[in-house]
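Working notes, beginning with the structure itself.
The values are calculated or read from the model by the stated rules, or taken from the named source; none is laboratory data. What you see is a predicted model, and the numbers here were worked out from it, not measured in a lab. When we count neighbours, we look across all protein chains shown, and the Cβ atoms used for this are built from the backbone with ideal geometry, even at glycine. Quick note on the areas: whole protein, heavy atoms, side chains included, nothing else; ligands and nucleic acids left out. Shrake-Rupley method; radii C 1.70, N 1.55, O 1.52, S 1.80 Å.
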Amino acid sequence: MMFSIALNEALEFRQTGKLSKSYQAVGMTADLAARLSDSVGALLRGLGGHAKHYGTIPNTAPLDPKNFHGPQEQRTARMSDLLSRVLLTQRSQFLHKIATLEEMVVDLGKDFRLTVENLSAGVSLNPEEDWRVVDAGHYDLNTCLREAIVLLKSFLLVLPEDQLDTFQKSVRAQAHRTEDPARSAKGLIRHRRMAAVGGE
């Protein structure tokens, strides 16, 4: 909520012509956005980890591109929707949606921070576009939060009571991992398939 309030204040300063105040106010939103993206990411990792380990899988609907404002997020949601309808099983749909949302949250958090830093430092090459990116990033982060809440609710409906404590510990562990500022760069690298490159 504080993230939304702070950004709305910055946007209001900008609309009323108080540009220096708008740049100061938007500078405060980067840390708030990071807290939101870290928390949502921890929840999604906890959900995904528990679902993979215990096989607890609820029904899920694919992401809807109309719920996102950023072009990258819309493309990602369209691809997720297509894969869910054509290729993926129920289990795979749930895990794919979690992975897609987590990737979106991480990317949105990074893009938001970089754009805000450029705006608040006065080094933005295209401030008009950067303000649009900040506004769309805020909207899309909130959309990811809402999607994560829906996933959590549907997951809790099918979660056996004897697994609740284990799930809760898993989410807390993910949150503590995210909050640890001394985490190594190794923990920041996501596992991906890599193409073979000749000579390496």
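Quick one: helix 71-86 against the long Cα principal axis of the chain, what's the angle to the nearest 10°, folded into 0 to 90?
Tilt of helix 71-86: around 20 degrees.
Step through the residues of segment 47-54 one at a time and calculate ³J(HN,Hα) from phi using the Karplus curve (6.51 cos²θ - 1.76 cosθ + 1.60, θ = phi - 60°), rounding each to whole Hz and writing x for Gly and Pro.
4, x, x, 5, 4, 5, 6, 9
Would you kindly derive the ³J(HN,Hα) couplings of segment 119-129 from the backbone phi angles with the Karplus curve 6.51 cos²θ - 1.76 cosθ + 1.60 (θ = phi - 60°), listing them in order in whole Hz, with x for Gly and Pro?
Going residue by residue, I get 5, 5, 7, x, 10, 5, 7, 9, x, 4, 5 Hz, with x marking Gly and Pro.
Over the Cα atoms of the chain, what radius of gyration and what Dmax do you get, in Å?
18.6, 57
Quick check on my link table: of K66/K97; K18/K66; K52/K97; K97/K169; K21/K66, which ones sit more than 24 Å apart, alpha carbon to alpha carbon?
Going by Cα-Cα distance, K18/K66; K21/K66 fall outside the 24 Å limit.
Please report the carbon-and-sulfur percent of the accessible area for segment 1-68; probe 1.4 Å, protein heavy atoms only, DNA, RNA and ligands left out.
About 52 percent, which is the carbon plus sulfur part of the accessible surface.
Whole number in Å², please: accessible area per residue of the chain, 1.4 Å probe, ligands, DNA and RNA not counted.
61 Å²
Calculate the dipole size of segment 71-159 relative to its Cα centre from +1 charges on Lys and Arg beta carbons and -1 charges on Asp and Glu beta carbons; express the result in debye to the nearest 20.
It comes to approximately 560 debye.
With every protein chain kept in the model, how would you rank V171, V105 by accessible area, 1.4 Å probe, largest at the top?
From most exposed to least exposed: V171, V105.
Would you list the P(r) distribution for segment 26-77, with all Cα-Cα distances sorted into 10 Å bins from 0 and each bin expressed as a whole %?
20, 31, 39, 9, 1
Taking the full set of protein chains and a 1.4 angstrom probe, give the accessible area of H69 in square angstrom, rounded to the nearest 10.
H69 exposes around 100 Å² with every protein chain in place.
Where a Cα-Cα gap under 18 Å defines reach, which lysines qualify for K110, not counting those fewer than 8 residues away within the same chain?
K186
Quick one: grab Rg to one decimal and Dmax as a whole number for segment 12-53, Cα atoms only, in Å.
So, for segment 12-53, Rg and Dmax equal 17.1, 53 Å respectively.
Per residue, how much space in cubic angstrom lies within the convex hull of the C-alpha atoms of segment 43-117?
86 Å³
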